[in-house]
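Working notes, beginning with the structure itself.
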Amino acid sequence: MERVKVIEFQREFIDAVFDIQRKAYKPLFDKYHDTNTSPYLESKEAVLEKYTRPGTSGYVFLDKEVPVGAVRIIARGDICKVSALAVLPEYQNRGIAQAALKEIESIHSGCKCWILDTILEEKGNCHLYEKLGYVKIGEPRVVNDHLTLINYKKEIAAN
């Protein structure tokens, strides 16, 4: 895979980011019918508000200058939370999320602890995070009969 380019979110990217989030989360919404927490159901206004909140950094992933993924990082002191990571379905399983997260972790080098949650039933998502050094923590949270969320954490050793 050609190296993915990670750029900071700017308001002019909202249409692309909204489209990426809708397309990336629609298969999960169709599969799990999560009407409470699915990013698929968020309005464009809600997505923009989340990307521009104080303490939040948004990133867009470019492949040959085409926006193909996005994520929000919420920083609180030396803890960073990965939120709503999305890659267009036709670009998934190409290493884009992995490369982007590695770059984002280096951008946020002051973060000593990274956290996120993901769908336990989505083995590919769990594999991605575990490959990057995240470990499951806490108890799984049942959202509905088909969907369970699990927390992950990654500690960054002090130099």
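The values are calculated or read from the model by the stated rules, or taken from the named source; none is laboratory data. Because the structure is a prediction, the values reported are computed rather than measured. Here the Cβ positions follow ideal geometry from the backbone for every residue, glycine too, while neighbour counts run over all protein chains shown.
What residue, of Ser57, Ser43, is buried (at least 16 other Cβ atoms within 10 Å of the Cβ) and either out of contact with any helix residue (DSSP H, G or I) (no Cβ under 6 Å at 6 or more places or on another chain) or closer than 17 Å to Asn125 by Cα (or both)? If you could, list the steps in order and put the result at the bottom.
On the way: Ser43 fails: buried (at least 16 other Cβ atoms within 10 Å of the Cβ).
Among Ser57, Ser43, only Ser57 is buried (at least 16 other Cβ atoms within 10 Å of the Cβ) and either out of contact with any helix residue (DSSP H, G or I) (no Cβ under 6 Å at 6 or more places or on another chain) or closer than 17 Å to Asn125 by Cα (or both).
For the subset of region 2-21 comprising residues that are touching a helix residue (DSSP H, G or I) at 6+ places or on another chain (Cβ under 6 Å) and at pLDDT 95 or above, which member is surrounded by the fewest Cβ atoms within 10 Å (Cβ to Cβ)? First the steps, then the outcome.
Filtering region 2-21 for residues touching a helix residue (DSSP H, G or I) at 6+ places or on another chain (Cβ under 6 Å) gives 4, 6, 9, 14, 18, 21.
Adding the requirement that they be at pLDDT 95 or above leaves 6, 9, 14, 18, 21.
Working: Val6: 21, Phe9: 20, Ile14: 17, Phe18: 19, Gln21: 23.
So, considering only residues that are touching a helix residue (DSSP H, G or I) at 6+ places or on another chain (Cβ under 6 Å) and at pLDDT 95 or above, the one surrounded by the fewest Cβ atoms within 10 Å (Cβ to Cβ) is Ile14.
Working only within region 73-92, note down all residues that are acidic (Asp, Glu) and either in contact (Cβ under 8 Å) with a residue 40 or more places away in the chain or closer than 20 Å to Lys5 by Cβ (or both).
In the first step, residues of region 73-92 are kept if they are acidic (Asp, Glu); the result is 78, 90.
Glu90 - this is the single residue of region 73-92 that is acidic (Asp, Glu) and either in contact (Cβ under 8 Å) with a residue 40 or more places away in the chain or closer than 20 Å to Lys5 by Cβ (or both).
How many of the residues in region 117-159 are part of a strand (DSSP E or B) and on the phi < 0 side of the Ramachandran plot? Show your work before the answer.
Filtering region 117-159 down to residues part of a strand (DSSP E or B) leaves 117-119, 135-142, 148-155.
Subset that is on the phi < 0 side of the Ramachandran plot: 117-119, 135-137, 139-142, 148-155.
Looking only at that region, the number is 18.
Given the residues Leu62, Leu48, Leu101, which is the only one that is closer than 28 Å to Pro140 by Cβ and of a type outside the set (Val, Ile, Thr)? Don't jump to the end; show me each part of the working.
On the way: Leu62 fails: closer than 28 Å to Pro140 by Cβ; Leu48 fails: closer than 28 Å to Pro140 by Cβ.
Just a single option satisfies the conditions, and that option is Leu101.
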